[in-house]
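Novice: Take this structure, written in structure tokens, and hold onto it; I'll ask about it next.
Read-outs throughout are calculated quantities, based only on the coordinates presented, and are distinct from any laboratory measurement. Because the structure is predicted, anything quoted here is derived from the model rather than measured. Glycine also receives a Cβ, built like all others from the backbone with ideal geometry; neighbour counts cover every protein chain displayed.
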């Protein structure tokens, strides 16, 4: 009994001297946490910048790869009556000579200019009628060309607006191509107008030549008639 008592004393003393157990509180390193937040924010910003760069690069490639149909740019200009208003070359001879009946604008000019058509069928009358028809035909062709030029002038400013609203290099290139094509059409019409002027001048000269030839023919016929008449009188 005495041994047990002495043995329990150190145990009790040890329990009495042992410190009381307490809950552990986590320790936060505020400086390290702030650095981590800054680093994360920088990484987010870097990702956003990368996305912006990729978007810009995508838009740049789209500017080069987007397809633009030149014919869809100002389709009002894609009109045969504007691009080539001149009649076919094989029809010009009859129109300029006055042997082809007028139509369209030429008919309007013929009705304005016309006063009287001789109907006796003589060479002089036929020439007079053809000359009147020729003048009206040339005026009609010139008027049709002028209308085409005026229509093109009305539509060309729209090409300037297309350039201002273009969103890609391909669109700008296509619009410039369309402008170059329109320039070619204008130059072609200038050449046609020059050729028509030459034809008109030559037709005027031809009419003068026809009148001279007709006069010479009439004088020759009159001389022959007089010779034949004299010969007939002499034989009587």
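Novice: Can you give the FRET efficiency to the nearest 0.05 for residue 151 and residue 130, using r as the Cβ-Cβ distance and R₀ = 41 Å?
Specialist: Efficiency, from the Cβ-Cβ distance: 0.85.
Novice: Something else: Testing the spin-label approximation: label points 7 Å from Cα along Cα→Cβ at residue 48 and residue 197. State their distance in nm.
Specialist: That separation, rounded to one decimal, is 6.7 nm.
Novice: Rank by packing, highest mean first: peptides 123-136, 194-207, 36-49, with packing defined as the count of other Cβ atoms within 10 Å averaged across residues.
Specialist: Going from most to least packed, we get 123-136, 194-207, 36-49.
Novice: Students often check this: by mean Cβ neighbours within 10 Å, which of 180-193, 141-154 ranks highest, and how do the rest follow?
Specialist: Result, highest mean Cβ count within 10 Å first: 141-154, 180-193.
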